[in-house]
Amino acid sequence: MRWGPAILAAHNGFLSVASAAMFGLVVVEAWGRAQVEGWGFVLCERFDPPRSYALEAYYISKYYELLDTVLAFACRGKPPRRYFTHCYHHALVMYTGYFCAQGQTLRYPGMATNTFVHIFMYYYYARAAIGLRSTWKIWVTRVQVLQFATTYVSLLLALRKTPNLFFDGTKCSGRFQLVFTCAFSATLLHLFLKILDDDDPKKKQV
């Protein structure tokens, strides 16, 4: 398709800019809440949190990201690399986005790290779509792995603040959703560590 690379570049460029906007919005929103109620909500969300436009936009964006797969077929005539990981990630990340919008504990760290990583990831894909080589490709995957790992750093901090987080339903909201998110992140961490190992430049030189 003649216009395929331009369409893919525009799609990924838009998602890079949108990710930057959402990252900025969630930081501003969290800062505003902290000035009123302190930073405790970051690690233990209350049951009646104020409406979060940043997190609602984040959830909606996960539907738009489904175009990644559609455009790969329409513009390139073939599925994206690592098709299973691609589809698995996009299918379940909508649930985590919904949980964030509904008030899951640790939603602000999760959204902040995800949107921050996506700024650079989609920028890389936009460049790749029009044939621009990026020497820092391996770092895209490395930062994605770091993103999934920060899920558990945040969880440990939350458990330090609220040791009975998963056993006392009166403390923090979205306990069971948090279990799903942590389990999902564990599978993604495994899959992306495998990708990192497969793409290791040292192995390719052997």
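Determine, for HIS90, HIS118, the number of other Cβ atoms within 10 Å of each Cβ, and report the residues in order from fewest to most. Walk me through the numbers on the way to the answer.
Numbers: HIS90 16, HIS118 23.
Result, fewest neighbours first: HIS90, HIS118.
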- Task: Calculate how steeply helix 53-64 sits against the longest principal axis of the alpha-carbon atoms of the chain, using the helix alpha-carbon long axis, and give the answer as 0 to 90 degrees to the nearest 10.
- Result: 30
- Query: On full extension of the chain, what length is gained from GLN35 through ASP199, given 0.36 nm per residue of separation minus the C-alpha to C-alpha distance?
  - Reply: 54.6 nm
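Please compute the length gained on full extension between ILE60 and LYS78, using 0.36 nm multiplied by the number of residues separating them and subtracting their Cα-Cα distance. Can you show the working numbers first?
On the way: separation 18, 0.36 × 18 = 6.48 nm, distance 2.60 nm.
Using 0.36 nm per residue and subtracting the Cα-Cα distance, I get 3.9 nm.
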- Query: Tell me, ARG2, ARG33 in order of fewest to most beta-carbon neighbours within 10 Å?
  - Reply: ARG2, ARG33
- Would you mind checking the tilt of helix 4-37 against the longest principal axis of the Cα atoms of the chain, expressed as 0 to 90 degrees and rounded to 10? 20
- Short version: ³J(HN,Hα) in whole Hz for each residue of the range 112-123, in order, from phi by Karplus 6.51 cos²θ - 1.76 cosθ + 1.60 (θ = phi - 60°), x for Gly and Pro, what are they? 4, 5, 5, 5, 4, 4, 5, 4, 7, 4, 6, 5
- Excluding same-chain residues fewer than 8 positions from LYS137, which aspartates and glutamates have a Cα within less than 15 Å of its Cα? ASP197, ASP198, ASP199, ASP200
- Query: What angle do you read, to the nearest 10 degrees and between 0 and 90, between the alpha-carbon axis of helix 137-161 and the longest principal axis of the chain?
  - Reply: 10
- Name the residue, out of TYR58, TYR125, TYR83, whose mean-square fluctuation peaks in a Gaussian network model built on the chain with Cα pairs under 10 Å. TYR83
- Would you look at the GNM of the chain, springs on alpha carbons closer than 10 Å, and say which of GLN104, GLN35, GLN144 moves the most? GLN35
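Order by neighbour count: GLU56, GLU45, fewest other Cβ atoms within 10 Å first, most last.
GLU56, GLU45
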- In nm, to one decimal, how far is the ILE130 label point from the VAL28 one, both placed 7 Å along Cα→Cβ? 2.8
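Every number in this text was worked out from the coordinates using simple rules, so none of it is lab data. Just so we're clear, the structure is a prediction, and the values are computed from it rather than from any experiment. In this analysis, Cβ positions are derived from the backbone assuming ideal geometry, glycine residues included, and neighbour counts consider all displayed protein chains.
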